[in-house]
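See below for the structure under consideration.
Just so it is clear, none of the values below were taken in a lab; they were calculated from the coordinates. This is a predicted model, so every value here is computed, not measured. Don't worry about glycine lacking a Cβ; one is built from the backbone with ideal geometry, like all the others, and counts go over all protein chains shown.
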Amino acid sequence: MKKNTLTLVLAFFVAFSSNAQEYNSTRMDGVVGSTTPAKVKSALNSDVESPIVMTEAALTDLKVGGVTVAGFNADTYSYNVELPYGTTIAPAVTATARDSKAVKTITNAPVLPGATNVVVTANDGITQLTYTINFTIGIQTFTVNFSVVNANGTLAATVDAAAIASPAAVNIGKDVVFTATPSANYTVKEWKLNDAVVAGNTTNTYSLSNLSANSTVTVEFRSTVGVSEIDQNGVNIYPNPSNGIVHIEMNIPISKVTVVDVKGRVLIESVLNNNTGTLNTSTLANGIYFLRIVTTSGVITKQLQVIK
């Protein structure tokens, strides 16, 4: 009986020692903190897995409004994002953790400007990382469009001496400087801001100061070839000679304009109720004609030459 008992005790001791050596071997070959579980064989020859404890709390992605934050890096914990002017609610922020078992807590910015925080708690329940997105609001901008009417030159614009292209988003309060370059034998006829003529400006530059609204600026050129001098009646006819459209301008309202030939025959007649008007002379043969301009002050006759 004593012999059998001793034999059983020795067998148990040998089994326990063997498994202890196997456990120690596993610990020596393993890596502390490794995610690979160590298997420990008990004296009863059963396998038991030790629990996995993860300390990973990093993110692999951070998005604002469904778009990854510019410059995102798992080791960078603060970001600046500018929102369009007028934004009042912080956009949705989503995050992807490297460890799927990590817990993410997202606290949205309560007001703007403000910050949204993403706190990632690792599987161990202790390790934490906080990612912060600082939201700012952009400066209000207005759209500036600019162009040339009927060609015959070019138009450029600058803001703070830097060239802009049409259409351009320009910050509120800025000054926009426009520069017109007429083609040969042309000059500036008029500038318009939002379809309204800019009074008294026929120079090559126009400045839109302290921008406060969406704006459209245009410039129109006129030919300088054969332009008559403006007489005491304020009559301006151009181009003269003409090969098509003739422009008539006065400082008093024009009621009617007729074109007659040297024999006094009426060839063209146009009724106007404005200080300006146009005539199409493209159907006339080359030669000398006369314009009879009827105004509230009387009738003015001017000579017109057609050359094609």
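Assorted remarks:
- Residues that are in contact with a Phe, Trp or Tyr (Cβ under 9 Å, 6 or more places away or on another chain), within 29 Å of G71 (Cα to Cα) and not hydrophobic (A, V, I, L, M, F, W, C) were ranked within segment 133-182; the one that is surrounded by the most Cβ atoms within 10 Å (Cβ to Cβ) is T141.
- Answer residue from segment 156-175, given it is in contact (Cβ under 8 Å) with a residue 40 or more places away in the chain and of a type outside the set (G, A, S) and is farthest from G86 (Cα to Cα) among those: V170
- Test: residue in segment 217-234 that is loosely packed, with under 14 Cβ neighbours inside 10 Å and within 43 Å of the chain's Cα centre (by Cα): yes
- Filter result for T94 (within 26 Å of the chain's Cα centre (by Cα) and of a type in the set (S, T, N, Q)): yes
- Here D261 passes the criteria (1) surrounded by 13 or more Cβ atoms within 10 Å (Cβ to Cβ); (2) within 16 Å of I245 (Cα to Cα); (3) not basic (K, R) except the one numbered (2).
- Taking (1) free of Cβ contacts under 8 Å to residues at least 24 places away in the same chain; (2) exposed (fewer than 15 other Cβ atoms within 10 Å of the Cβ); (3) not aliphatic (A, V, I, L, M) in turn, N108 satisfies each apart from (2).
- Taking segment 284-297 as the range and being part of a strand (DSSP E or B) and more than 19 Å from G264 (Cβ to Cβ) as the test, only T295 passes.
- Of all residues in segment 296-308 being more than 13 Å from T258 (Cβ to Cβ) and either hydroxyl-bearing (S, T, Y) or under 53 Å from the mean Cα position of the chain (by Cα) (or both), the one that is surrounded by the fewest Cβ atoms within 10 Å (Cβ to Cβ): T296
- Residues that are touching an Asp or Glu at 6+ places or on another chain (Cβ under 6 Å) and touching a residue at least 24 places away in the same chain (Cβ under 8 Å) do not occur anywhere in segment 242-254.
- Inter-residue pairs, beta-carbon under 7 Å, first among the β-branched types (V, I, T) and in segment 117-134, second surrounded by fewer than 16 Cβ atoms within 10 Å (Cβ to Cβ) and part of a loop (DSSP other than H, G, I, E, B), 6+ apart: T127/T55; T130/Y77; T132/Y77
- For segment 178-196, the candidate set comprises residues that are over 27 Å from Q140 (Cα atoms) and of a type in the set (V, I, T); within that set, the residue that is nearest to the chain's Cα centre (by Cα) is T181.
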